[in-house]
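Shown below is the structure under consideration.
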Amino acid sequence: MATLFKYFKGSIFATVAGLVLAFYVGGPKAAFIAAILSVLEVSLSFDNAVVNATVLKDMDDKWRHRFMTWGMLIAVFGMRVVFPVLIVAVIAHLSPWAALMMAVSQPDKYAAALTSAHVVVAGFGGAFLLMVFLKFFLDKEKDVHWVRLIEAPLSKLGKMESIQIAVCLAAIYGISTLVHAHEQLPFVLSAVAGLVTYIVVDGFAALLETEQPGDAGVVARTGLSAFLYLEVLDASFSFDGVIGAFALSNNIFIIAIGLGIGAMFVRSLTIMFVEKGTLDQFRYLEHGAFYAIGALATIMFIGTFHEISEVVTGLIGAGFIGLAMWSSIRHNRLTPA
């Protein structure tokens with residue numbers, strides 16, 4: 001219990017402070033909604049914590065600390081408050097300040113403007129997450145398979161050059177034929193932007209290949225590329241939750257408090273996974289997280305032409321994580337130490 005408190009004491013403090021603030025802003029109902037939103041955020045982002053841990057375990061201590069401090073500040077306030085305001089500002093042709101004032105004084109209008117951006121956001125986030133999913137499973141060097149019937153052939157398929165990009169572009173084209181005609185071009189452009197962003201961020205380290213591995217500048221820029229990768233990944237995960245939060249409240253402050261509390265718990269989970277070596281102890285947990293990412297990418301794409309409840313998204317993600325955990329425990333019992 002004491003060990004768990006070590007990792008979650010900051011999140012517990014943020015929960016108490018956040019719920020008190022929510023109560024002050026809107027009373028018991030606002031505090032209850034903030035609590036529900038925090039639970040929703042954790043359920044939607046648990047797989048995000050696992051993927052974060054896979055990247056952070058190979059980061060040097062300095063960049064790992066930066067992600068856990070500055071990165072979390074960007075995740076909580078930047079991606080869940082500032083970024084949605086900027087989206088509305090662009091859509092409504094307003095200044096960021098005017099968009100913020102709209103969120104405060106005209107929350108219904110703000111929510112409608114933000115929701116209208118769903119196709120564009122889903123295109124970008126869906127393409128980025130799909131590439132994350134494909135990079136993991138279409139890996140010719142991948143030798144640990146959870147669902148061998150699926151993963152072994154995918155690993156062999158990974159021997160084809162740039163197959164991930166081809167699959168992603170095919171998915172983008174297929175979905176574009178299903179969205180409304182007036183939204184096809186915005187969807188394709190945003191999805192291609194998500195694909196290009198992934199290629200640039202993920203491939204940033206390739207620029208360092210000609211330099212010595214021990215060079216401090218190499219370490220710094222490699223850390224920077226991983227930092228940027230995690231921030232874009234978090235944005236792709238979080239924005240759908242931001243839009244879905246308006247089903248419970250149109251108060252931007254209550255939404256920020258609830259999702260911020262959830263993000264703090266995701267941070268705590270990430271730290272615990274890294275420091276306790278959870279991914280090494282549970283052989284298939286990483287696989288479950290990437291299956292959940294693939295499911296989320298699919299749901300974001302489908303959501304451009306057919307509404308899907310965030311509850312379904314959360315349950316699917318939790319289901320993959322739970323099954324992966326159970327399979328890992330079963331494997332540990334059957335495998336001699």
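Out of V167, V179, V192, V121, which single residue is over 30 Å from W326 (Cβ atoms), β-branched (V, I, T), modelled with pLDDT of 90 or more and in a helix (DSSP H, G or I)?
After ruling out the rest, the residue left standing is V192.
Moving on. It is to be established whether one or more residues within the range 15-26 are among the small types (G, A, S) and over 20 Å from V242 (Cβ atoms).
There is at least one residue in the range 15-26 that is among the small types (G, A, S) and over 20 Å from V242 (Cβ atoms).
Among the residues of the range 124-149, how many are among the hydrophobic types (A, V, I, L, M, F, W, C), touching a residue at least 12 places away in the same chain (Cβ under 8 Å) and part of a helix (DSSP H, G or I)?
The number of residues fulfilling the criteria is 11.
Quick check on the range 284-294. Is at least one of its residues modelled with pLDDT of 80 or more, outside any helix (DSSP H, G or I) and under 23 Å from Y7 (Cβ atoms)?
Taking every residue of the range 284-294 in turn, at least one turns out to be modelled with pLDDT of 80 or more, outside any helix (DSSP H, G or I) and under 23 Å from Y7 (Cβ atoms).
With the structure loaded, tell me whether D61 is in contact (Cβ under 8 Å) with a residue 24 or more places away in the chain, acidic (D, E) and surrounded by fewer than 19 Cβ atoms within 10 Å (Cβ to Cβ) or whether it fails that test.
Considered against the rule, which asks whether it is in contact (Cβ under 8 Å) with a residue 24 or more places away in the chain, acidic (D, E) and surrounded by fewer than 19 Cβ atoms within 10 Å (Cβ to Cβ), D61 comes out as no.
Name the residues in the range 76-103 that are farther than 19 Å from N251 by Cα and of a type in the set (A, V, I, L, M), would you?
V90, I91, L94
If you check K159, K135, K109, K140, which single one turns out to be surrounded by fewer than 16 Cβ atoms within 10 Å (Cβ to Cβ), at pLDDT below 90 and under 21 Å from L233 (Cβ atoms)?
Of the residues listed, the single one that is surrounded by fewer than 16 Cβ atoms within 10 Å (Cβ to Cβ), at pLDDT below 90 and under 21 Å from L233 (Cβ atoms) is K135.
When the range 58-96 is examined, which residues are found to be farther than 30 Å from D108 by Cβ and part of a helix (DSSP H, G or I)?
Listed by number, the residues that qualify are D61, K62, W63, R64, H65, R66, F67, M68, T69, W70, G71, M72.
Just checking, which of I321, I299, I316, I308 is hydrophobic (A, V, I, L, M, F, W, C), outside any helix (DSSP H, G or I) and either in contact (Cβ under 8 Å) with a residue 60 or more places away in the chain or out of contact with any strand residue (DSSP E or B) (no Cβ under 7 Å at 6 or more places or on another chain) (or both)?
I308 is the lone residue from the list that is hydrophobic (A, V, I, L, M, F, W, C), outside any helix (DSSP H, G or I) and either in contact (Cβ under 8 Å) with a residue 60 or more places away in the chain or out of contact with any strand residue (DSSP E or B) (no Cβ under 7 Å at 6 or more places or on another chain) (or both).
Looking at S249, S238, S328, S268, which one is under 14 Å from the mean Cα position of the chain (by Cα) and in contact (Cβ under 8 Å) with a residue 40 or more places away in the chain?
That would be S238, the only listed residue that is under 14 Å from the mean Cα position of the chain (by Cα) and in contact (Cβ under 8 Å) with a residue 40 or more places away in the chain.
Whether any residue in the range 33-50 is under 16 Å from L230 (Cα atoms), outside any helix (DSSP H, G or I) and in contact with a helix residue (DSSP H, G or I) (Cβ under 6 Å, 6 or more places away or on another chain) is what I want to check.
no
Could you figure out which of (1) out of contact with any helix residue (DSSP H, G or I) (no Cβ under 8 Å at 6 or more places or on another chain); (2) outside any helix (DSSP H, G or I); (3) within 19 Å of H287 (Cβ to Cβ); (4) among the charged types (D, E, K, R) isn't true of K156?
Of the numbered conditions (1) out of contact with any helix residue (DSSP H, G or I) (no Cβ under 8 Å at 6 or more places or on another chain); (2) outside any helix (DSSP H, G or I); (3) within 19 Å of H287 (Cβ to Cβ); (4) among the charged types (D, E, K, R), the odd one out for K156 is (2).
Taking the criterion of being assigned to a helix (DSSP H, G or I), modelled with pLDDT under 75 and out of contact with any strand residue (DSSP E or B) (no Cβ under 6 Å at 6 or more places or on another chain), would at least one residue in the range 244-263 satisfy it?
The answer is yes, given that some residue of the range 244-263 is assigned to a helix (DSSP H, G or I), modelled with pLDDT under 75 and out of contact with any strand residue (DSSP E or B) (no Cβ under 6 Å at 6 or more places or on another chain).
Against the condition modelled with pLDDT of 80 or more and surrounded by fewer than 22 Cβ atoms within 10 Å (Cβ to Cβ), how does L73 come out, does it pass?
no
The values are calculated or read from the model by the stated rules, or taken from the named source; none is laboratory data. None of the values given here were measured: they were computed from a predicted structure. Virtual Cβ from ideal backbone geometry, glycine too; neighbours counted across all protein chains shown.
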